[in-house]
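Heads up, the thing below is written out as structure tokens.
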Amino acid sequence: MLIFFYYFLDKQFHDYYEIFIVLDGRIKHIVNNKEFILNPRDIVFIRPADTHDHIALDGKNINENDVVF
């Protein structure tokens, strides 16, 4: 699944695991109220019920590939 994020999403959580890799662009990713700056080739593992939001940095689109299970 290829996803593009352009703006903050409302904090979200789900009842499944999610792994994603940043393919292009930079992302501010907030997980459980902790901020991380992600760059291409960074991999993130999200557990069920972790809250998270994203914002694209540098005014550019981002690409990421997700696996959910």
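The values are calculated or read from the model by the stated rules, or taken from the named source; none is laboratory data. Note that the structure is a prediction, hence the values are computed from the model and not measured. In this analysis, Cβ positions are derived from the backbone assuming ideal geometry, glycine residues included, and neighbour counts consider all displayed protein chains. SASA here: full protein model, heavy atoms, side chains in, ligands and nucleic acids out. Shrake-Rupley method; radii C 1.70, N 1.55, O 1.52, S 1.80 Å.
Numbers for the structure displayed
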read-out: Subset of the stretch 37-56 that is surrounded by fewer than 17 Cβ atoms within 10 Å (Cβ to Cβ), of a type in the set (A, V, I, L, M, F, W, C) and in contact with a Leu (Cβ under 9 Å, 6 or more places away or on another chain) - its residue that is modelled with the lowest pLDDT; value: 55
read-out: Selection within the stretch 2-36 - closer than 19 Å to residue 63 by Cα, modelled with pLDDT of 90 or more, assigned to a loop (DSSP other than H, G, I, E, B) and open to solvent by 30 Å² or more (accessible area, probe 1.4 Å); value: 26
read-out: Enumeration of residues in the stretch 18-27 that are in contact with a His (Cβ under 7 Å, 6 or more places away or on another chain) and not hydrophobic (A, V, I, L, M, F, W, C); value: none
